[in-house]
2 protein chains.
Amino acid sequence: MRSETEADERLDRAFLALADPVRRGMVARLSRGPATVNELAEPFAISKQAVSKHIKVLEAAGLITRSRDAQRRPCHLEPAALEALTGWIDAQRLNTEDRFRRLDSVLETLKEKDQ
Amino acid sequence: MRSETEADERLDRAFLALADPVRRGMVARLSRGPATVNELAEPFAISKQAVSKHIKVLEAAGLITRSRDAQRRPCHLEPAALEALTGWIDAQRLNTEDRFRRLDSVLETLKEKDQ
């Protein structure tokens, strides 16, 4: 087994955190503004305990943070953590597109030689 | 529990598939061109069985497909499946950015009224 780097572990946690519709719903809600745990729980017919667990997973993944604001402790989205994910995915897509572009230019050259 | 839509299930599977460094390594390898199972297994010190399992997870998530080319059956990356993921993430980021932009313009208006 390859030993995992810290960056790898961060990606593991963040992708895993998003692999759940309730947690994605919470991220989508937070993208529209900070929210308390109760506000986040509202659209979901699940126990408060389950909601807390989902929030902890999102927090551990660095996708959300909670204010120290004693009473409400609202949750905030961390857009930089989302950016790290699109960064990784886009790198793979760019590789793929580059490869197709190179293939295209090879085909073009072959066609020109043919004429 | 909210019932999951098909699109939700696809996102679940794709995000979960990327929550593993070996599977991300395979996606990165395939972004540079198709590869056989043996070629994909090469950088990883894991059993052939484990490799097959990882490939099945990526296939079920729609991130890769395998040619019917009888002998080699190379794996191919499906860039559209990656696009669906960045699509979802970018929507959340855009919401967040819009919100900050609106906050900025409110602050600007307040500042102007103050002068």
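For the protein assembly as shown, the convex hull spanned by the alpha carbon atoms encloses 201 Å³ per residue. The angle separating the long axis of helix B:48-60 from the principal Cα axis of greatest extent in chain B is about 50 degrees. Each copy carries a label point for A:ARG72 at 7 Å from Cα along the beta-carbon vector; from one copy to the others these points are 6.0 nm apart, nearest first. Measuring nothing but protein heavy atoms, the accessible surface of chain B at 1.4 Å probe radius is 52 percent carbon and sulfur. GNM on chain A, alpha-carbon springs under 10 angstrom: the most fluctuating residue among A:THR65, A:THR36, A:THR96 is A:THR96.
Give me the percent relative contact order of the range A:12-88, please, defined on Cα pairs under 8 angstrom at least 6 residues apart.
Numbers: 72 pairs, mean separation 27.6, N = 77.
Averaging sequence separation for qualifying contacts and normalising by length gives 36 percent for the range A:12-88.
Computed from Cα atoms, the angle from the helix A:79-114 axis to the main principal axis of chain A rounds to 10 degrees. For chain A, find the longest principal axis of its Cα atoms and tell me its angle to the long axis of helix A:6-18, 0 to 90°, nearest 10. Once rounded, one gets 70 degrees. For B:GLU39, the distances from its label point to the matching points in the remaining copies are 5.1 nm, ordered from shortest, with each point set 7 Å beyond Cα toward Cβ. Taking amide H as placed 1.01 Å from N in the peptide plane, B:ALA35 has its amide H under 5 Å from the amide H of B:CYS75, each at least 5 places away in sequence or on another chain.
Label positions at A:LYS56 and B:ALA84, each projected 7 Å from the Cα along the C-beta direction, are separated by 3.1 nm. Here the Gaussian network model covers chain A, with springs between Cα atoms less than 10 Å apart; of A:PHE44, A:PHE100, A:PHE15, A:PHE100 fluctuates the most. Computed over chain A, the range of Cα coordinates on each principal axis works out to 76, 34, 25 Å, biggest value leading.
When only alpha carbons are used to place a centre, the range A:1-54 and the range B:23-61 end up 27 Å from one another.
The values are calculated or read from the model by the stated rules, or taken from the named source; none is laboratory data. A quick note: this is a predicted structure, and the numbers were derived from the prediction, not measured. FYI the Cβ positions are ideal-geometry reconstructions off the backbone, even for glycines, and counts take in every protein chain you see. Surface accessibility is based on the protein's heavy atoms, side chains included, excluding ligands, DNA and RNA. Shrake-Rupley method; radii C 1.70, N 1.55, O 1.52, S 1.80 Å.
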